[in-house]
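The block underneath contains the structure these notes are about, expressed in structure tokens.
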Amino acid sequence: MKSTGIVRHIDNLGRITLPIELRKTLDMACGDPLEIYTEGNSVILRKHESSCVFCGSNKKVTLYKDKCICDNCRRELAL
């Protein structure tokens, strides 16, 4: 894990602000979904990428009835 040397405080609602430099580096924009993980004493934030409910691929994924399906699985289902 790479240290940035940046320290932020949690506000009274439990929020933190990610620095603009970090958001630009990780290509994060306002409204982007983040996944939150814990590992030991660490909290890990990762930009969420939709993945296919059948095969787990995150390439060419579309939403169908609130489920993500990749092009390959969609073609297989059409058979």
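The values are calculated or read from the model by the stated rules, or taken from the named source; none is laboratory data. None of the values given here were measured: they were computed from a predicted structure. Every residue, glycine among them, receives a Cβ derived from its backbone with ideal geometry; neighbour counts consider all protein chains shown. Ligands, DNA and RNA are stripped out before the accessible areas are found, and what is left, the full protein with its side chains, is counted by its heavy atoms. Shrake-Rupley method; radii C 1.70, N 1.55, O 1.52, S 1.80 Å.
Would you kindly derive the ³J(HN,Hα) couplings of region 40-50 from the backbone phi angles with the Karplus curve 6.51 cos²θ - 1.76 cosθ + 1.60 (θ = phi - 60°), listing them in order in whole Hz, with x for Gly and Pro?
Residue by residue, region 40-50 yields x, 8, 9, 10, 10, 9, 9, 4, 6, 10, 5 Hz.
Within a Cβ distance under 15 Å of Glu21, other residues only, what is the Lys/Arg minus Asp/Glu net charge?
So the environment of Glu21 carries a net charge of +3.
To the nearest 20 Debye, how big is the dipole of the chain about its Cα centre, given +1 on the beta carbon of each Lys and Arg and -1 on that of each Asp and Glu?
160 debye
Could you give me the percent of Cα pairs per 5 Å distance bin for the chain, shortest bin first, beginning at zero and ending with the bin that holds the maximum distance?
Binned Cα distances yield the sequence 3, 11, 16, 19, 15, 11, 11, 8, 4, 2, 0.
Okay, helix-only estimate at 222 nm for the chain: each DSSP H run of n ≥ 4 adds -39500 (n - 2.57), divide by all residues, round to 500 deg cm²/dmol; what do you get?
When only DSSP H runs of four or more count, the value is -4500 deg cm²/dmol.
With a cut-off of at most 12 other beta carbons within 10 Å, and DSSP calling the residue loop, which trypsin sites (Lys or Arg not before Pro) in the chain qualify? Please list them.
Lys2, Arg8, Arg15, Lys59, Lys60, Lys65
Out of the total accessible area of the chain (probe 1.4 Å, heavy atoms of protein only), what percent is carbon and sulfur?
Solvent-exposed carbon and sulfur of the chain make up 53 percent of the total.
Choose one answer from Glu21, Glu49, Glu39: the residue with the largest mean-square fluctuation in a GNM of the chain with alpha-carbon springs under 10 Å.
Evaluated over the chain, the most mobile residue of the options is Glu39.
Counting only other residues whose beta carbon sits under 15 Å from that of Cys30, what net charge do I get with K and R as +1, D and E as -1? Could you put the intermediate results ahead of the total?
Numbers: positive: Arg15, Arg23, Lys24, Lys47; negative: Asp27, Asp32.
Overall, the nearby charge balance is +2.
For Lys67, list the aspartates and glutamates whose Cα falls under 19 Å from its own Cα; do not include residues on the same chain fewer than 8 positions away.
Asp32, Glu35, Glu49, Glu76
Could you provide, to the nearest whole Å², the per residue accessible area of the chain with probe 1.4 Å?
92 Å²
Defining a contact as two alpha carbons under 8 Å apart and six or more residues distant in sequence, what relative contact order in percent does the chain show?
Taking the mean separation of contacting Cα pairs over the length of the chain, I get 14 percent.
With θ set to phi - 60° and the Karplus curve 6.51 cos²θ - 1.76 cosθ + 1.60, what are the ³J(HN,Hα) couplings of region 15-22 in order, to the nearest whole Hz, using x for Gly and Pro?
Each residue of region 15-22 in turn: 9, 10, 10, 7, x, 4, 4, 5 Hz.
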